[in-house]
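Peer 1: Sharing a structure below in C-alpha cells format, with a few things to ask.
Readers should treat all values here as calculations from the given coordinates under stated rules, not as data from a laboratory. Just so we're clear, the structure is a prediction, and the values are computed from it rather than from any experiment. Cβ placement follows ideal geometry from the backbone for every residue including glycine, while neighbour counts extend to all protein chains displayed.
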Amino acid sequence: MIERPFLSAVALAALLTGGVGHAAAASMEALQGAWTMNGTGCADTFKKAGNRFEYKDRSSSLATGIIVSGSKILGPNATCKA
C-alpha cells in the first residue's frame with residue numbers, strides 16, 4: 001500500500017509542471033530526477049551516487065522528497081512503477 005503523502009507529492013509534481021493557470025500531466029521524462037518540497041534543500045534529503053540520486057536517510061520520518069528514475073518512483077516509504 002502506498003501512503004497518501006507520497007501520492008500527493010507525485011500528483012502535485014505532475015500537475016505543476018504544466019504551468020500556472022492550467023493543469024497538465026508531465027511526461028515521465030520531464031519528471032526524472034530528485035524532487036523535494038519547497039523550503040527543503042535537496043542536499044538535506046538526497047546525495048549523489050555516481051550518476052544517480054539516493055536518499056541520505058530513507059528511513060527518516062522527515063524525508064519529504066521523491067526520486068523519479070526511469071519508470072520507478074521512489075518515496076521515503078514506498079516504491080512504485082508508473
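Peer 1: In a shell of Cβ-Cβ distance under 15 Å around GLY41, excluding GLY41 itself, what net charge do Lys and Arg (+1) and Asp and Glu (-1) give?
Peer 2: +1
Peer 1: For every other residue with a beta carbon closer than 11 angstrom to the beta carbon of MET28, add +1 if it is Lys or Arg and -1 if Asp or Glu, then tell me the sum.
Peer 2: Overall, the nearby charge balance is +1.
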